[in-house]
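The values are calculated or read from the model by the stated rules, or taken from the named source; none is laboratory data. Remember, it's a predicted structure, so these values are computed and weren't measured experimentally. Note that we place each Cβ from the backbone using ideal geometry, even for glycine, and neighbour counts take in every protein chain shown. When the accessible area is computed, the model is the full protein with side chains, heavy atoms only, and any ligands, DNA or RNA have been set aside. Shrake-Rupley method; radii C 1.70, N 1.55, O 1.52, S 1.80 Å.
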Amino acid sequence: MLDKTYPYYLANEPRTSSTLMEVYDKYSGEIATRVAIPDDQATEAAIRAAVQAAGPMKNFKPWARQAVLQHCAQRFQERHEELAMALCIEAGKPIKDAAGEVTRLIETFRIAAEEAVRVNGETLNLELASRLGGYRGYTQRVPLGPVSFITPFNFPLNLVAHKVAPAIAAGCPFVLKPSEKTPIGALIIGQVLAETDLPKGAFSVLPLDGKHATPLVEDERLKLLSFTGGQIGWDLKARAGRKKVTLELGGNAACIVDADQHAHLDRVIERLIFGAFYQSGQSCISVQRIYVHVSLYDELKQRLVKAVQQLTAGDPKDKNVFLGPMIDEAAAQRLEGWINEAQQAGGTILCGGKRKGNMLEATLMEKVPKDAKVNRMEAFGPFALLVPFERIDDAFAMVNDSDYGLQAGIFTDSLDHAMRAWNELEQGGVIVNDVPSFRVDNMPYGGVKLSGIGREGVRYAIEDMSEIRLMVVREA
């Protein structure tokens, strides 16, 4: 169970407050715990502390950063069950999925621990002409300085890890604002970080609401803003001034099932179910649009509908439950409204579509108009639509007919189709023979178009949080 209250963390230390924020059990709707809310003075103090910690963090040696990250990974493993239950309660994530996210948290910190001692420079050949004889170039990577992070509700552990762990590996002090809907995971991470010998001011974890997080966006003392969330990210970028900005802003991921997949339909359907309805579809790379070759369409549709109807929904604490609640009733009402709009415009509901509170049934539709919100926008819930295609070029065109471009998937035995998908799809990543929901924590992850700018993945985030410093030497 959760603690009765949780402190926030300011310059590595827990702090209480007379003002508490309620955190709800997303399934029962009951108050699960309360967290201390920092005031504006605390936010200013956290930024000031991060600035003061820039020098000590730069001088905090790679082996020491590695030791901190290894300590965290070990402690997260020891607290695995506690972290999974916290995630299950505050996010409504089915307990099996919550346990999986804790595992990814641990893996991300372990990867960062390995990378912390591999932040290397390079030697440059500058002898490109006779006039340059005797010149050598060398580069090193140095920490960017104090940075700020804003994370969403849907992966309260792993998305925090993808910012925090690389920052420690790179030597950057940080101020983190977790989602006020799911702050507990981040605060437990803060609790573990407080056990280490990180320099004072190296981290602060502030469960602020959006209005009070303005300094994390606009303060010029911060050298980078990394934001994961909705389209408001573009507004934050405009307000961020001269600081570096990375954005991961979601998508409406598509998956193609090619004509040669009949022998593999069992696995295709299994992965589509996972991709579309894992975590009630509340993932930036949840399968939302499924394009199926006409020769397979009717059979895949029939079997997919049957499989969806057999999914167990209910209390996420039950190990047999696959489909838990959405984050709140407003989110479920929004998607229910989009489904109804698509139906009224001519779309057909194949299964699901009904809502009770923040529990929305796993929903499949077909014949959805191109301009429907469930086609054009990010559903971010347990929803997917089916569309047949005749030519692979048609499938590629439909995938690209989107304002988003995070990841796409294609099931195919054709090397030509796989390579063409990689080259032609306007996506940050293409997953061959699996769903676009696939992610490993060391790979580059991020999108194009409205899906954002920059890449996560531990090594790539470390590169974003460091700058190259050049030295040129002329031989005497």
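Summed over the range 340-372, the residues that are under 28 Å from residue 30 (Cβ atoms) and not charged (D, E, K, R) give a count of 8.
Tell me, which residue of the range 130-163 that is among the charged types (D, E, K, R) and in contact with a Lys or Arg (Cβ under 9 Å, 6 or more places away or on another chain) is nearest to residue 186 (Cα to Cα)? Outline the logic, then answer.
At the first step, the residues of the range 130-163 found to be among the charged types (D, E, K, R) are 131, 136, 141, 163.
Retained after the next criterion (residues that are in contact with a Lys or Arg (Cβ under 9 Å, 6 or more places away or on another chain)): 136, 141.
Details: 136: 45, 141: 28 Å.
Checked the range 130-163; the qualifying residue nearest to residue 186 (Cα to Cα) is 141.
Within the range 229-254, residues that are within 12 Å of residue 451 (Cβ to Cβ) sit with their Cβ atoms under 7 Å from residues that are open to solvent by 60 Å² or more (accessible area, probe 1.4 Å) and part of a helix (DSSP H, G or I), at 6+ positions apart or across chains, in these pairs: 247/237. Checked against (1) under 30 Å from residue 156 (Cβ atoms); (2) open to solvent by less than 10 Å² (accessible area, probe 1.4 Å); (3) without any contact (Cβ under 8 Å) to a residue 60 or more places away in the chain, residue 361 passes all but a single condition, namely (2).
Identify the single condition in (1) out of contact with any strand residue (DSSP E or B) (no Cβ under 8 Å at 6 or more places or on another chain); (2) buried (at least 24 other Cβ atoms within 10 Å of the Cβ) that residue 177 does not satisfy, given that it satisfies every other one. That leaves (1) as the condition not met.
Hey, can you tell me all the residues within the range 38-47 that are open to solvent by 50 Å² or more (accessible area, probe 1.4 Å) and either part of a loop (DSSP other than H, G, I, E, B) or free of Cβ contacts under 8 Å to residues at least 40 places away in the same chain (or both)? Walk me through how you get there before you give the answer.
Taking the range 38-47 as the starting set, the residues that turn out to be open to solvent by 50 Å² or more (accessible area, probe 1.4 Å) are 39-41, 44.
39, 41 - these are the residues of the range 38-47 that are open to solvent by 50 Å² or more (accessible area, probe 1.4 Å) and either part of a loop (DSSP other than H, G, I, E, B) or free of Cβ contacts under 8 Å to residues at least 40 places away in the same chain (or both).
When the range 256-286 is limited to residues that are closer than 22 Å to residue 425 by Cα and touching a Pro at 6+ places or on another chain (Cβ under 8 Å), the one that is surrounded by the most Cβ atoms within 10 Å (Cβ to Cβ) turns out to be 276. Yes or no: the range 135-145 includes at least one residue that is without any contact (Cβ under 8 Å) to a residue 12 or more places away in the chain and either crowded, with 21+ Cβ neighbours inside 10 Å or charged (D, E, K, R) (or both). Checked the range 135-145: no residue is without any contact (Cβ under 8 Å) to a residue 12 or more places away in the chain and either crowded, with 21+ Cβ neighbours inside 10 Å or charged (D, E, K, R) (or both). Of the residues making up the range 6-37, those that are polar (S, T, N, Q), under 30 Å from residue 56 (Cβ atoms) and open to solvent by 30 Å² or more (accessible area, probe 1.4 Å) are 16, 17. Looking at the range 201-211, is at least one residue surrounded by fewer than 20 Cβ atoms within 10 Å (Cβ to Cβ), in a loop (DSSP other than H, G, I, E, B) and not polar (S, T, N, Q)? Yes; the residues of the range 201-211 include at least one that is surrounded by fewer than 20 Cβ atoms within 10 Å (Cβ to Cβ), in a loop (DSSP other than H, G, I, E, B) and not polar (S, T, N, Q). Among the residues of the range 66-89, are any surrounded by fewer than 22 Cβ atoms within 10 Å (Cβ to Cβ) and of a type in the set (Phe, Trp, Tyr)? So far as the range 66-89 goes, no, none of its residues is surrounded by fewer than 22 Cβ atoms within 10 Å (Cβ to Cβ) and of a type in the set (Phe, Trp, Tyr). Mind listing just one residue for me: the one in the range 214-255 that is polar (S, T, N, Q) and buried (at least 18 other Cβ atoms within 10 Å of the Cβ) and, of those, farthest from residue 408 (Cα to Cα)? So the residue we want is 226. Here residue 468 clears all of (1) part of a strand (DSSP E or B); (2) out of contact with any strand residue (DSSP E or B) (no Cβ under 9 Å at 6 or more places or on another chain) except the condition numbered (2). Residue pairs whose Cβ atoms lie under 9 Å apart, sitting 6 or more positions apart in sequence or on different chains, and linking a residue in the range 73-91 that is without any contact (Cβ under 8 Å) to a residue 60 or more places away in the chain to a partner that is of a type in the set (Asp, Glu) and open to solvent by 60 Å² or more (accessible area, probe 1.4 Å), are 73/107.
Checked against (1) at negative phi; (2) out of contact with any Leu (no Cβ under 6 Å at 6 or more places or on another chain), residue 433 passes all but condition (1).
Applying the criterion of at least 2 residues that are more than 17 Å from residue 251 (Cβ to Cβ) to the helices (runs of 4 or more DSSP H) found wholly in the range 328-441 leaves 329-344, 392-400, 415-424. Taking each residue of the range 320-334 that is under 19 Å from residue 307 (Cα atoms) and open to solvent by 20 Å² or more (accessible area, probe 1.4 Å) and looking for partners that are at pLDDT 95 or above and not in a helix (DSSP H, G or I) with beta-carbon atoms closer than 6 Å, six or more apart or interchain, yields 320/312; 322/311; 322/312. Per the conditions (1) closer than 17 Å to residue 406 by Cα; (2) modelled with pLDDT under 95, the sole criterion not satisfied by residue 233 is (2). Do we find that residue 129 is surrounded by fewer than 21 Cβ atoms within 10 Å (Cβ to Cβ), farther than 29 Å from residue 49 by Cα and free of Cβ contacts under 8 Å to residues at least 60 places away in the same chain in this structure? Considered against the rule, which asks whether it is surrounded by fewer than 21 Cβ atoms within 10 Å (Cβ to Cβ), farther than 29 Å from residue 49 by Cα and free of Cβ contacts under 8 Å to residues at least 60 places away in the same chain, residue 129 comes out as yes. Of the strands (runs of 3 or more DSSP E) lying entirely inside the range 84-152, those carrying at least 1 residues that are within 30 Å of residue 220 (Cβ to Cβ) are 135-143, 147-150. Exactly one residue out of 446, 428 is in contact (Cβ under 8 Å) with a residue 40 or more places away in the chain and buried (at least 17 other Cβ atoms within 10 Å of the Cβ): that is 446.
Applying the selection to the range 56-65, what residues are open to solvent by less than 40 Å² (accessible area, probe 1.4 Å) and not in a helix (DSSP H, G or I)? Reasoning before the result, please.
Taking the range 56-65 as the starting set, the residues that turn out to be open to solvent by less than 40 Å² (accessible area, probe 1.4 Å) are 57, 60, 64-65.
Scanning the range 56-65 gives a single hit, 60.
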